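Below is one structure, written out as C-alpha cells, with a few remarks after it.
Only the coordinates and a few stated rules stand behind these numbers; no lab work does. Nothing here was measured: the structure is a model prediction, and the numbers come from that model. Note that we place each Cβ from the backbone using ideal geometry, even for glycine, and neighbour counts take in every protein chain shown.
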Amino acid sequence: MGSGINRCFKLSNYLGDTIVVTVIGVDIQPGSSPNSRRQPLYSAVVLRNGEIIASFEDVELYRLLRLVLEYHVDIIAVDNIYELAPSENELRRIFELLPGNVKVVQVTGPPNDARDVNSVARELGIDTVIETPLKTAYINALAAYRGIGYEVRLFAEKTRIVVTKGRSVTQGGMSRDRFLRCIRASIAQATKEIKRILDENKLDYDMVIKRSKGGLEKSVFIVYAPRESLYGLIKPLKYKNVKIIIKPYASRKSIEPVSDQARKPVIVGVDPGMSIGVSVLTLDGEPVLITSMKSPDRDEIVNLISRIGKPVVVATDVSKPPETVVKLASMLNAVLYVPEQDITIDEKNRIAREYSEKYVVNIPDSHTRDALAAAVKAYNNYKATIEEVKSKLANMKKVDRYQLIAEIIRGKPFSEVLEEHFKRSIPKIPPVVEEKMKPTTTPVCEKLSEKVNTLEALVRKLLDEIERKDLYIKDLELELKLTRSRKPGIEDYERKISALQNELEALRRKIEDKDNVIRELYEKLLQLEEHVVKLGRGDLVMIPKVSTVRREGGLVNRGVYMEKVLEISSELKNILTSGRGFIVSPVVAVDPLKERIPVVKPEIIYDLGDYVIVEKEVIEKANELWRKIDELIELERHERILRMIEEYQRSRKNS
C-alpha cells in the first residue's frame, strides 16, 4: 500500500457544467470492528457536487461496495482507512473489487500521521462536536470533495526497460570506432521503436537517455504498468549490437509519517536524466533539500518531495521543459515554471557558489546544481509577489501566510484568497443529515421503543439474509446452466486453441527463418564493410568475371575471373596479352606457360556477382608468372635464332 502525496487530487479539473463528482463518506458504527468475527456496520453519506443526495446507516461492507457502483462514486472518503479492513492484504482485496477510476481518500492525512477528524471539520468551517457516525461520514465526504486528504493507493506495479549495447568493443582494433557508431545507432533505433509502441498503446512512462557520438549509449524506460501489459508489445532481446532488458518491479516505500513541515509550501527544481537532481526551497528561498537520485521513477521522486513539503512550483532549467518535469508538476498539483531561455552554465555555477557559501550546503554534482538553479530562478520570479503578500498580511494574526501565498502563486486573486480564509475562520452550522429527533418519553415508552428498534433491526437483518440467499440461488442456477452447456463449448474452444497454436507455431517458424536471413544479411554487411575498408587500403583487389569483361570490354586490375579454366579463347588471350593481364580461377586445367597467359589459384574472399574480391598477392603471383613467360619467350626466340644460324651454315656447306 501506499505511495501517495499529501493531497487528494485536482477536483478543479473535474467540476464543470457537465462533469459530476460523486463522493461517499464512510464511518464505522460504534461497537463494530473489522477485526471482529461479525460483519462491521457503517454509516454512509453520498454527496454529488457537494450536495447530500442520500444517507445510510447500519450498512455492511458488501452493500457499501454495491452503493459505490449504484451511485457511480468517484471517491470513497474515510477518516481511518483501517476501518475498512484490518490489514494491508485485506485492503488490497477490497481495492481489487473497486472500479479503476475510484479513489480512496483518508481525509485526516497519511495513515501514520493522521490528525483528529474535528480539526478537519474546523478546516471546513464547521465548528461542532461530531457525535454520530453519520455526521462523521458527512464531514469525510465534504472534506474529500474539497480536496482535503491523502489518497491511499496500493503499491504501483511498474516495469523497467533498459536498452544497452549487446557486445563489448574493447578489442575492436582499427574498426572499433565503426563498431561503436553502429551499436549506438542500433540503440537509438531500438529506443525510438519502443517509444513509438508505448505512445501508440497510450502507456504512461518516463524515458531517460544517455547521448553519445553517433547515437545513444543507453536508454531507460520506466513504464507505469505491470509487466503483463507489455506482453505482445515489447520483448527482451539480446543481439550483437543491442540488448533489451525488461524487469517488473513495485514501489518499495510504504506509508511513512508526515511532519508539519511536509504541509508547508515549497518550490522544487528538477533536472531529469540517468541521475535526477532535486532541489527544494522554502518560500523564503532557503534550501531544505539538495540531492540526486539514480532512479528516474516519478513516484519515488514524489514521495521524497512530499515528505519535505507541499510543492507549489516545479521548475526546470531549460526553455523546453522535459516530459518528466511536466508530468511531475501535474502529479504534484503544482505550477510549472519554465525560464524564457535556457539557464547558462555560468549562471548555474554562480547560483551554486552563492548558495553554497550562504547556506553551507553541499552540491555534489551537475544534476543537483541544475536543479538548484531552476528552483532559485523560479523563486526569483515569484519573489516580488511573495514579499508583497507578506507585507499585506504582516499585521494579521493566526494567518498561515505561506498557505495564502501558495494559493496566489497558483493564480487566485489576493482578494478571493482572503475571502476564502475568512469563510473558513468563521464557524457555520452544518446541514442536517437525516437524524431522527428523540422525543421525551416515559420509561415504559423507552422500553417499548427499544424493543421496536430491536425488532426492526432483526427484520432488516433477516431481509438482508434473504436477499443474500436469493443472490446465492441465482448464482447456483447460472453455474448449473453453464455446466450443462459446457461440453460442446469446450470442444469448440479446444479446436480453436489447437488451430491457433498451429498458426502460432507456423508464425514462429517464419519469424525464426526471417531472423536467420536478417542475421546472415547483417553478417554479410559487416563483412562487406571490412572488405571495402581493405579495398581502400589496397590489401584486397577486385577482379571482374569473364562475362563482365566480354560485356564491357575492359580489365580491372589487369585480371579476369573464371570458374574453371579448361581452355583459353583466342579473343580472351588477345585482351590479356595486350594488357599483360592474368586469369584468376580455383580450377585450372591448362599450363600457364604453355598458353603464355598467367593463371593464378586464389582464395576467394567475397563474391559480388559480376566481380570477386581476392587478396592482393594474386597480382604479385601473376607478375611472377609473366616474368617466367617473358623468360620462356626470350629463350625460345634465342633457340629459334640459333636454329636459323645452324640451318644457314648447313646450307652453305652443302652448296
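The residue list Ile94, Ile28, Leu84 was ranked by how far each Cα lies along the charge dipole of the range 11-151 toward its positive end, using unit charges on Cβ atoms, and Ile94 comes out on top. Measuring nothing but how far apart in sequence close Cα pairs (under 8 Å, 6+ apart) lie, relative to its length, the range 540-640 scores a relative contact order of 27 percent. Global size of the range 11-151: 14.1, 46 Å for Rg and Dmax (C-alpha atoms, Rg to one decimal, Dmax whole).
Given the Cα-Cα distance of Arg38 and Arg350 and 0.36 nm per residue of separation, how much length would full extension add, in nm?
Numbers: separation 312, 0.36 × 312 = 112.32 nm, distance 6.64 nm.
So the extension gain works out to 105.7 nm.
Any idea how far the Cα center of the range 380-396 sits from the one of the range 606-636, in Å? Cα centres, the range 380-396 to the range 606-636: 93 Å. Applying 1/(1 + (r/R0)^6) with r as the Cβ-Cβ distance of Glu567 and Glu523 and R0 = 51 angstrom yields a FRET efficiency of 0.85. In the range 606-653, taking the dipole from charged Cβ atoms about the Cα centre, the farthest positive-side position among Leu625, His638, Val614 is held by His638.
Note on Glu634 and Asp199: the extension gain reaches 148.6 nm, defined as 0.36 nm multiplied by sequence separation minus the Cα-Cα distance.
Annotation for Leu642 and Glu357: the two label points, set 7 Å from Cα along the Cα-Cβ direction, are 10.3 nm apart.
So, by mean Cβ neighbours within 10 angstrom, what's the order for 114-124, 563-573 with the highest one leading? Let's see the in-between values first.
Details: 114-124: 16.9, 563-573: 12.4.
Those peptides, ordered most packed to least, come out 114-124, 563-573.
Count the net charge of all other residues whose Cβ sits under 12 Å from the Cβ of Met562, scoring Lys and Arg as +1 and Asp and Glu as -1. Show your work: numbers first, answer last.
Numbers: positive: Lys545, Arg550, Lys564, Lys601; negative: Glu563, Glu567.
Once all neighbours under 12 Å are counted, the net charge is +2.
Sorted largest first, the spans of the alpha carbon positions of the range 157-250 along the three principal axes are 45, 21, 18 Å.
Roughly how big is the range 11-151's charge dipole about its Cα centre, with Cβ charges of +1 (Lys, Arg) and -1 (Asp, Glu), in debye to the nearest 20?
220 debye
Of all DSSP bridge pairs formed entirely within the range 11-151, close to 70 percent run antiparallel. Computed on the range 11-151, with alpha-carbon pairs under 8 angstrom and 6+ residues apart, the relative contact order is 31 percent.
Of all aspartates and glutamates in the structure, the ones whose alpha carbon falls short of 18 Å from that of Lys534, not counting any fewer than 8 places away in one chain, are Asp177, Glu523, Glu603, Asp607, Glu615, Glu617, Glu620. Given R0 = 30 Å, the distance between the Cβ atoms of Phe414 and Asn118 translates into a calculated FRET efficiency of 0.50. So, counting K/R as plus one and D/E as minus one, what does the shell of residues with Cβ under 13 Å around Arg401 add up to? With Lys, Arg at +1 and Asp, Glu at -1, the neighbours total 0. Computed about its Cα centre, the charge dipole of the range 568-655 is approximately 680 debye, with only Lys, Arg, Asp and Glu carrying charge at their Cβ.
Could you line up Thr344, Thr159 from fewest to most neighbouring Cβ atoms inside 10 Å? Please report the intermediate quantities before stating the final value.
Values: Thr344 11, Thr159 21.
Sorted ascending by nearby Cβ count, the order is Thr344, Thr159.
Listed by chain and number, the aspartates and glutamates placed with their C-alpha closer than 12 angstrom to that of Lys195 are Asp204, Asp206; residues fewer than eight positions away on the same chain are left out. Computed from label points 7 Å out along Cα-Cβ, the spacing between Arg508 and Glu465 is 5.5 nm.
Dipole magnitude of the range 157-250 about its Cα centre, charges +1 at Lys/Arg Cβ and -1 at Asp/Glu Cβ only, in debye to the nearest 20?
Working: 22 positive and 9 negative charges, 119 e Å.
Taking the Cα centre of the range 157-250 as origin, the dipole is about 580 debye.
Considering all projection directions equally, how large on average is the shadow of the alpha-carbon convex hull of the range 307-373, in square nanometres? Intermediate values should be presented prior to the final figure.
On the way: hull surface 20.5 nm².
Its average projected convex-hull area is 5.1 nm².
Note: the range 54-124, Cα convex hull, 116 Å³ per residue. Could you give the distance between the Cα centres of the range 579-603 and the range 59-77, to the whole Å? Using only Cα atoms, the two centres lie 94 Å from each other.
Model label sites at Gln501 and Arg580, defined 7 Å from Cα along the beta-carbon direction, differ in position by 7.4 nm.
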